[in-house]
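Some notes on the structure that comes next.
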């Protein structure tokens, strides 16, 4: 290659590396489960997101999550989230005050706070609750509750939105920025584990004026036939520093 061309290519590469979002600051690992995995029956979708920083002590603050799922999953026919819980109820009284039929899943979050060269960890529980439909889309809240070292409760708005093929839709989660303490660093998210489906959910059906019968909702309906390449999922995370991390996962159908 002529020297002028080589210098031009090198300059272009250096310029691209300096662009915001031109390279990821993190590595993302996605794991997805279907429990139980029985074709033609309801299931619970579980997902794990692990965010691994490349050069910094903790990942950059997370701002958005998109989890794309296959077209073959019948989320709209799941029978979960039959009622809604209001923002006011969640903010003032918490998930315990919401109807049982508003619960759609559970999870945990591992957050990290950089303090004096050390990553302080905090675990929070997640409760997924159905919210009022927004612009025709199924909406929900991920209610995160942490206790130590930072005591706080935070609402993460989420919605089921359209997705580009080959996916049938995506779960979009907005992650608000949260300071560890006044004028301190923003909290970083290192791991997210969540479920959508009937696992650990109990609803109550009216059977009289004061009688309620417990039951488990059907769950996210699997097709009767396995997709050719299994159930494909993808995750796309965006961070405060304008970088992105993506990952894919496939759940292969087990033999009957």
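Taking each residue of segment 21-48 that is closer than 22 Å to residue 80 by Cα and looking for partners that are modelled with pLDDT under 90 and in a strand (DSSP E or B) with beta-carbon atoms closer than 9 Å, six or more apart or interchain, yields 42/74. Against the conditions (1) at positive phi; (2) touching a residue at least 40 places away in the same chain (Cβ under 8 Å); (3) loosely packed, with under 15 Cβ neighbours inside 10 Å, residue 197 satisfies every one except (3).
With respect to the conditions (1) surrounded by 20 or more Cβ atoms within 10 Å (Cβ to Cβ); (2) in contact with a helix residue (DSSP H, G or I) (Cβ under 8 Å, 6 or more places away or on another chain); (3) without any contact (Cβ under 8 Å) to a residue 60 or more places away in the chain, residue 97 lacks only one, and its number is (1).
Per-residue answers, yes or no, for (1) within 13 Å of the chain's Cα centre (by Cα); (2) in a loop (DSSP other than H, G, I, E, B):
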residue	(1), (2)
165	no, yes
181	no, yes
194	yes, no
214	no, no
238	yes, no
248	no, no
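Within segment 54-80, can you find the residues that are more than 25 Å from residue 26 (Cα to Cα) and exposed (fewer than 13 other Cβ atoms within 10 Å of the Cβ)? The answer is 76, 77.
Of the residues making up segment 207-249, those that are in contact with a strand residue (DSSP E or B) (Cβ under 6 Å, 6 or more places away or on another chain) and without any contact (Cβ under 8 Å) to a residue 60 or more places away in the chain are 207, 212, 213, 214, 215, 230. For segment 216-229, the condition holds for no residue, the condition being that it is farther than 25 Å from residue 31 by Cβ, surrounded by fewer than 18 Cβ atoms within 10 Å (Cβ to Cβ) and either modelled with pLDDT under 90 or under 19 Å from the mean Cα position of the chain (by Cα) (or both).
The values are calculated or read from the model by the stated rules, or taken from the named source; none is laboratory data. The model shown is predicted, which means the values in this text are computed figures rather than measured ones. Neighbour counts are summed over all protein chains in view; Cβ atoms, including those assigned to glycine, are modelled from backbone coordinates with ideal geometry.
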